[in-house]
Amino acid sequence: EMAEKGGYEHFMLKEIFEQPKAIKEAIYGNAEVVERVAEEVAEYERIIFVGMGTSYHAALVGKYLFQRLAKKIPIVEDASEFRYEFEDLIDDKTLVIAITQSGETADTVAAIKLAKGSGAKVLSIVNVVGSLATRIADLTLYTHAGPEIGVAATKTYTTQLTVLSMLAMALARKLGTADEGLLKELEAELRRMPEYVDAVLRLDDKIKGLAEKLREKRDFFYIGRGISYPTALEGALKIKEIAYVHAEGLSAGELKHGPLALIEDGVPVVALAPSGKVFEKMLSNIEEARARGAYVVALGDDIRLSEVAQEFLRMPQVNELLSPIVYVIPLQLLAYHLAVLKGNDPDRPRNLAKSVTVE
Ligand code: G6P
C-alpha cells in the first residue's frame, strides 16, 4: 500500500498533489469531445444539474458558469430531492446534467433513470469509465482524473470543474453569448491551470501551520459570493467529512441573516475573495465578521486582504470564473491537516463511503 501511495502518507494527500496532472488530462481528454457535446445540447433552455455531495457542489459551480457564459439559467437539485420532486416536471425539452465521480451513486443513477423515462436528454459527467451512469446516459464527458481512493473527493472535483468550464465555454462560443476576448482569456488561463494549481500546492507548509493554530476550534464558517459560494460549501464539507469538525458554508450575504450571531472571539471564518465582481462586498463582509471577533483566513489575490484578515493565503490571479478550481485546493489541504492532527484517518472517515450505492 505504501507503494501505491507514492511516498505520501495518505491517498488523499497524494490525490490532492495529483491535481495539476489530473486537470491537464481533463483538458486534453475533452478538447474535441466537448465540442460535439456542446453541439448536441446547445438548444436546450430547460437545464437541470443533479449530483450529490461534492458532485452537487460542482453542479452549483456549473450553474454559475452556464449563467455567466452561456446565458442559460439552470436549476440545480441534489439528486435525492430531484428524484421525488420532478417526476412530472420534465419532458423531452429538458436537459439533465448528472455529475457523479463513481457513476454509481444510487440517487444520481435514479435521477438519470427518471429523466430518461420522461424523455429528457441526459449528459453525465463521470470519472469511472464504464460505470452505470455512463451506460444509461445519452452522452458522457469523462473527468479523466484517474482512480480516487480517498473517500473525500479532491482531484475528481477540480476535474469536474475543468470539464464544466470547458462545456460552458464551448456553449458560449456556439451560441455567441460571450465576448470572444473573454473566451480567449479563459482558454489561455485554463491551459495554464496546472501551473496555478502547482503554485497553490506550494502553500502546503503554511496551511499545515494554520491547521496547527486552528486545531482546537469547534466551529468553522466558510463564506463566498457568486461563483465562490459553492467553494464555501465544499470547504465546509471537507472538514466535516474528515476532520469531524462542525462547519458551515454560506453565501456571504447570508451572514447577517442569522449566522453572525454565532461569531464571537476567535471563531474561524474562511473568506473566499478572488478579485472580480463582488470583491468589495467580500471585503465588507470580512470587516463585519472581524468586528465580532472572528479569526479571518482570507484567500485572494488582492493584497488589501492582508490588512483586514489575520491570515492571508495569496492566490494566483485568475479570472473569477475559473477561480473555484484554484481556491478549493487550500481548503482540501486545511481539512487534510486538521484530520491528521486530530488522529483521524483521512482516507477512511467514519460512517462514510466512497460511493453510496444504497438509498
Ligand atoms: C459520497 C462520497 C463523496 C461524494 C458523494 C457523491 O458521499 O463520500 O465524496 O461526493 O458520495 O459521489 P459521486 O460518486 O456520485 O460523485
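Side notes on the structure shown:
- The long axis of helix 180-191 is offset from the longest Cα principal axis of the chain by roughly 70 degrees.
- Between TYR28 and GLU359, the simple label model (points 7 Å from Cα in the Cβ direction) yields a spacing of 4.3 nm.
- Note on LYS116 and GLU216: the model spin-label points, each 7 Å out from Cα along the C-beta direction, lie 5.5 nm apart.
- Descending Cα extents along the principal axes, the chain, whole Å: 54, 47, 38
- Size of segment 94-163 as Cα extents on the principal axes (Å, biggest first): 35, 22, 17
- Taking the average, over residues, of other Cβ atoms within 10 Å as the packing measure, peptides 234-246, 77-89 rank 234-246, 77-89 from highest down.
- Take the Cα of ARG350, step 7 Å toward its Cβ, do the same at VAL129, and the gap between the two points is 3.9 nm.
- FRET efficiency for the TYR244 to LYS5 pair, using the beta carbon distance and R₀ = 22 Å, is estimated at 0.50.
- Mean silhouette area of segment 281-359, derived from the convex hull of its C-alpha atoms and averaged over all directions, reads 8.1 nm².
- Here the gap between ASP179 and SER306, fully extended at 0.36 nm per residue and compared with their Cα-Cα distance, gives a gain of 42.4 nm.
- Annotation: amide H-H contacts under 5 Å for PHE312 (H modelled 1.01 Å from N, sequence separation of 5 or more, or interchain): ALA298.
- By the beta-carbon count within 10 Å of each Cβ, the least crowded to most crowded order of TYR28, TYR295, TYR56, TYR222, fewest first, is TYR28, TYR295, TYR56, TYR222.
- Within the listed set PRO230, PRO330, PRO349, the Gaussian network model of the chain (springs between alpha-carbon atoms below 10 Å) gives the highest mean-square fluctuation for PRO349.
- At full extension, GLU187 and ILE73 could sit 38.8 nm farther apart than now, given 0.36 nm per residue minus the alpha carbon distance.
- Charge dipole (Cα centre; +1 on Lys/Arg Cβ, -1 on Asp/Glu Cβ; no other charges) of segment 284-359 amounts to roughly 320 debye.
- Exceeding the 31 Å Cα-Cα cut-off - candidates LYS5/LYS63; LYS21/LYS113; LYS63/LYS116; LYS24/LYS174: LYS5/LYS63; LYS21/LYS113
- Note on segment 102-145 and segment 1-68: Cα centroid distance 14 Å, given to the nearest whole angstrom.
Read-outs: derived from the displayed coordinates by stated rules, not from any lab. Note that this is a predicted model, so its numbers are computed, not measured. No Cβ is skipped: glycine too gets one built from the backbone with ideal geometry, and neighbour counts run over all protein chains shown.
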